Structures are given as structure tokens and as C-alpha cells.
Amino acid sequence: MEFSKCKKVLAAVTIATSLSGVAALANVPANFGGATVVSATEATDIASVAEEASIDFTKVDAALAQYNALDKEIYTDNSWQTFQTADADSIKRTADTVDDMKSLSSEALNAQIIENGNTVAEMQVKLDEFAFALNSDIANILVKKSEIVTIDFSAIDAAIARYNALNPADYSAEAWEEFQATIALPNGDKFDVADYAEYVAELKACSPEELVYFLRNNSMTAEELQEEFNGNAVALNQRIDLLGSPTAPTEVEVPLVPSTGTTATKAAPAGAVAKTNIAKEASLVPFAILAVSAIAVLGSAGYKVRKEN
């Protein structure tokens, strides 16, 4: 069985990235209600303003329609609250602004856009960006109750605990070095058990929603993540099994004092523990026989990101 790694993308990054969308567009000009007031010096520009392309509300209308159709009951309470806290006010203000804009004629709307210090093209970009951000927040922040998954960490926890309980002093330097050399990824890179244990602990600490964000970010399923953990648990246990058990203290003959001409058997004192090596034949077991599926070998997409960062 080979080791595999999953690239870790922190769930918090997903939330922070998503929240930068709708809220950032809260400064969309909102004074489109009522009569349009154009100064005398700007009156001569009305003709050219009227000829500019009209605002296309298609994208923003679709995004707002999707938002208004959301069913709170199918989402987890935490994700719904996060979404509403971040975006609700901005969405309402923008929706009201869009309604005001639609109430104006094309010529009056274009003139008001100019009055607000924007061009029609700039306003179009702002509305389209808002629509994109709202769609992204709906897709990224909200978690359906049906998406919540459970991961069983018991196997990988037990394997890591077994590894941590090993005492290098119980083995010869050569045996321990051979053992550590077997704890490696298929490409030869070291599989850092301590670092992997930290990664497992971080995932265990995730909320149900954060675990869903993690799976989404890494384009993996709960089954694939479970297979990674179980596969690495098997691989680690196999290496420990090859290391074997520490040899019991060597029995040596120690003369009794005073000497009676006979000898008695006593256990060697502390520090005289015999050392043992991993059998070289065992360390050369073909890894091809122990190979798992491509998913378990290659892992998912994010532990490496966290590792490299």
C-alpha cells in the first residue's frame, strides 16, 4: 500500500473569497428614483446621451430571481446565516436600485448615470459584476443539508498513534533509518507523519459546512477522502509491521559477588538493550503488489498547497 497526500485548501479561504463579491458592490449608485435633474450646461449632452446603448438588466435580473427563489429550509442554518449576514443588505439595496433604474426611460436613465459620475458602460459592468458575485455566493457559501458528510478518522488516528508510540532507542540506528526510508510517497518524497497528523487534526476540527467547502475546493468526494485516510492508515501500519517489535533485554551471565565458582543469569542493565534490524528482504517487498487505486496513490488536490505554502 502506497502513501498519498491531499492538498489542503482552508475552508476559511472559500468563505473570505466569496464574501468579497456582493458586499464589495454596495457602492453602486442608488439615486435613480424620482425626476432626473440635469444642469443647463449638461443639457446639450442629452442628445448624445440618449444615443448611448441602454442598460441590459438580463444578468442582474437572473441573479436576483435565483436569490428570491432560494428555499431556506434546504440549507444548513449556519451557511444560511453566513450568507444572509454577508450579503442581505447589499442585495436589497441593489435590487431597489435596479427597480428605480427600470422606472426611468432609456434617455432619462442614461442622463442620470452621467449625472452620477459614471458612463453607461461603467454602470453595465457594475451590474454584471454584482450578478456574478451574487451567483458565486449562492453557489459557494450555501450548503444544502443533503451535502453534509461524515468522515471516519478512527483508522488513521490509530495508525498515527501507533507510529508516535515507537521509540527509536528500541531499534538499531540502521533499522530505524531503513524504517523511515519506507515512509515515502511514490515519487520518493518523504511522507511527513507529523505534518499529516496536523492536517488530519485540522479536518477533524472543521464544522460540517467547512468540510463541504474543503471537498468542493479540492474537487473530491467524501468517499475519496475516506479512501485516502484508510489507505494511508494501512500503509503506515504495514511499515510498522515490517519494523517488528523491539527485542527483549538480552540475557547475560553476570558473576555473583562474592564468587562461588558458579554463575547466575541476570537481565542486562538499562542501556544494554539488544538492537534489531528490519529484515532486508521485508524492506524490499515490491510496492507494486501493495499499490492502490489512482485516487489513493495521487491523493486529492490540496495538502500539497498547504505544504508548499
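Each value in this text was obtained by applying a stated rule to the coordinates, not by laboratory testing. Here the structure is a predicted model, which means the values were calculated and not measured. Every residue, glycine as well, gets a Cβ built from its backbone with ideal geometry; the counts of neighbours run over all protein chains shown.
Values for this structure:
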quantity	calculated
Residue, surrounded by the fewest Cβ atoms within 10 Å (Cβ to Cβ), within region 182-203, restricted to residues that are under 15 Å from residue 228 (Cβ atoms) and of a type in the set (Ser, Thr, Tyr)	199
Region 164-181, residues that are of a type outside the set (D, E, K, R), buried (at least 16 other Cβ atoms within 10 Å of the Cβ) and part of a helix (DSSP H, G or I)	175, 176, 179
Pair list, Cβ < 8 Å and 6+ apart or interchain, from region 79-104 residues that are among the acidic types (Asp, Glu) to residues that are assigned to a helix (DSSP H, G or I) and buried (at least 19 other Cβ atoms within 10 Å of the Cβ)	87/19; 87/22; 87/134; 87/137
Residue that is nearest to residue 146 (Cα to Cα), among those in region 176-202 that are of a type in the set (A, V, I, L, M) and touching a helix residue (DSSP H, G or I) at 6+ places or on another chain (Cβ under 7 Å)	200
Subset of region 149-161 (residues that are in contact (Cβ under 8 Å) with a residue 24 or more places away in the chain and either small (Gly, Ala, Ser) or farther than 28 Å from residue 210 by Cβ (or both))	155, 158, 159
Count of residues meeting criterion [surrounded by fewer than 17 Cβ atoms within 10 Å (Cβ to Cβ) and β-branched (Val, Ile, Thr)] in region 121-141	1
Unique residue being of a type in the set (A, V, I, L, M), over 30 Å from residue 64 (Cα atoms) and outside any loop (DSSP other than H, G, I, E, B) when the list is 108, 88, 161, 95	161
Of all residues making up region 75-120, the number that are closer than 30 Å to residue 149 by Cα and either in contact with a strand residue (DSSP E or B) (Cβ under 6 Å, 6 or more places away or on another chain) or crowded, with 17+ Cβ neighbours inside 10 Å (or both)	8
Every pair of residues 6+ apart whose Cβ atoms lie under 8 Å, when the first sits in region 111-127 and is over 13 Å from residue 57 (Cβ atoms) while the second is hydroxyl-bearing (Ser, Thr, Tyr) and surrounded by 17 or more Cβ atoms within 10 Å (Cβ to Cβ)	111/36; 112/36; 115/36
Single residue of region 211-245 satisfying the filter (of a type in the set (S, T, N, Q) and part of a loop (DSSP other than H, G, I, E, B)) that is farthest from residue 160 (Cα to Cα)	219
Residue ID - nearest to residue 180 (Cα to Cα), chosen from residues in region 142-163 that are hydroxyl-bearing (Ser, Thr, Tyr) and loosely packed, with under 14 Cβ neighbours inside 10 Å	154
